[in-house]
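Beneath this line is the structure, given in structure tokens, with notes to follow.
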Amino acid sequence: MSFSPVIIIGAGAAGLMCAAQAAARGRQVLLLDHANKAGKKILMSGGGRCNFTNLYVEPGNFLSHNAHFCKSALARYTQWDFIGLVAKHGVPYHEKKLGQLFCDNKSSDILELLLSECRDGGVDLRLETNVTQIDKTDAGYHLTTSAGSFDCESLVIASGGLSIPTLGASGFGYQVARQFGHTLLPTRAGLVPFTITEPQLKALCTELSGTSVEDCVVSCNGQSFKENILFTHRGLSGPAILQISSYWQPGDAISINLLPHLDLPEWLATQQRERPNSELKTLLAELFTKKMAGLLAEQWFASRPLRQYTPAELNEVAAQLADWTLVPAGTEGYRTAEVTLGGVDTREVSSKTMESQKSPGLYFIGEVLDVSGHLGGFNFQWAWASAHAAAQYV
Ligand code: FDA
């Protein structure tokens, strides 16, 4: 049996950051992960370029049953702090859009940065280690693992959520929370594509699979996002769809404005006046791909020359394009979700230290908590900020 003052379970974004920062304070840290590699999600993130933070981080970019919880940690470790770390390591990056910062090269630059900080602090990283039992002791916690037994004063749970099991995700953190008397809020997949099963709609999505439409406004339950949408074989994806999926509940309808930059009723009326003999599908082909224009014109509007549409019919065309309402059958689930919504109830965790209010010396950081960010680098910023908060106290 060996002793390490701090043990962190989960060598993902939050665990690596917490380990590095606690080690920088002079704490001896043991970092355990059951996977064969640290930071697998970092490597996969941002399409291989890791969208590591966002220039415009606000508490409003996060979903939680306890909206105020994230504020303190985010204020004490900001995007500028992480950008400073990235600069210190000479990692080249750029803003893609909407404040989203990506590596110029590869996500592995961010993982290497974190591993190098861990190495500098002498963090003992052990992979392929399964924790089979955790017991509370007078001085802290006793862990039984596939690599032997360990004692610690501070135990940090950084094992993430349920999204993408093939990248090492597990419900481990929730089990630990339950064991120590924490309330768990229902979990579901967030930032995830929708599936469509209604036959006609599914056929449309399949036909258009791979087609994206820029700058649509997608709305649901009082939230709206303006970004691209993408048709897939299974349904709908793309940034605007992923964003709204976090606000969607089964059975809810979503509304898509395919052309928010146009005053459609006026534009259609003008086109009818100026070129009455043009077919609707010809008109739509100036706004969408030819294939999409053809499909929409045939399926939705029985395309014919513009002069044959009554004003009421043209208004219907405008309404359908500006408010395409559909009910997704479901989501692709944890298999492809970028985050898990819900999790450990933050009302039982200190927003200053991330320490459990149920069991002293136990900490929860990162995605295992009921804090989920919007798409755009916010989830990593939460991982960095919550990890930093805990690292000052473990
Ligand atoms: P994370 O999942 O990173 O780490 C958890 C660690 O715990 C893993 O290493 C896992 O192996 C380990 N673990 C789990 N169970 C264990 C057990 N029983 N025993 C020991 N170890 C265990 N966010 C963002 O801001 N920008 C982006 O570009 C992206 N892109 C992106 C792409 C894809 C494909 C996904 C799936 C997700 C993203 N995200 C993202 C989200 C982001 O990756 C996520 O929010 C953070 O990685 C969460 O960090 P955590 O450290 O909390 O969990």
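Values for this structure:
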quantity	calculated
Cα radius of gyration and Dmax for the chain (Å)	24.4, 85
Lysines whose Cα lies under 22 Å from that of Lys352, excluding same-chain neighbours fewer than 8 positions away	Lys71
Rounded to 5, percent antiparallel among DSSP beta bridges of the chain	75 percent
Most fluctuating residue given options Thr340, Thr195, Thr325, as computed from a GNM of the chain linking Cα atoms under 10 Å	Thr325
Full-stretch length increase - Arg76, Ser116 - with 0.36 nm per residue and alpha-carbon distance subtracted	12.1 nm
Centre separation in Å (Cα based) which lies between the stretch 342-393 and the stretch 93-110	24 Å
Residue with peak Gaussian network fluctuation, the chain [Cα springs, cutoff 10 Å], from Ser209, Ser163, Ser278	Ser278
Cut-off 12 Å between beta-carbons: net charge of the residues surrounding His142, Lys and Arg +1, Asp and Glu -1	-3
Estimated Rh, the stretch 1-95: Kirkwood, alpha-carbon pairs, angstrom	15.5 Å
Partners for Lys88 among aspartates and glutamates (Cα-Cα distance below 17 Å; same-chain residues under 8 apart left out)	Asp104, Asp109, Glu112, Glu117, Asp120
Order of Cys18, Cys205 - criterion: other Cβ atoms within 10 Å of each residue's Cβ, fewest first	Cys205, Cys18
Least to most buried among Lys97, Lys106, Lys281 (fewest other Cβ within 10 Å first)	Lys97, Lys106, Lys281
Order by protection proxy (mean Cβ within 10 Å, highest first), peptides 131-143, 20-32	20-32, 131-143
Subset of Lys97/Lys290; Lys97/Lys291; Lys202/Lys281; Lys41/Lys290; Lys37/Lys226 violating a 30 Å alpha-carbon distance limit	Lys41/Lys290; Lys37/Lys226
Compactness of the stretch 194-331, expressed as Rg and Dmax over alpha-carbon positions, Å	15.0, 44
Loop-located GluC sites (Glu not before Pro) in the stretch 113-215, at most 16 other Cβ atoms within 10 Å (DSSP)	Glu128
Whole-Å distance, taken between Cα centres, linking the stretch 20-35 and the stretch 247-304	55 Å
For the chain, calculated [θ]222 nm from helices alone, where every DSSP H run of n ≥ 4 adds -39500 (n - 2.57)	-9500 deg cm²/dmol
Radius of gyration and Dmax over the Cα atoms of the stretch 39-164, both given in Å	17.6, 51
Under 22 Å from the Cα of Lys40 - lysines, other chains or at least 8 residues apart	Lys106
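No value in this document is a laboratory result; all are computed from the given coordinates. Remember, predicted model here, so these are calculated numbers, not experimental data. Please note: Cβ atoms are built from the backbone with ideal geometry, for glycine as well, and neighbour counts cover all protein chains shown.
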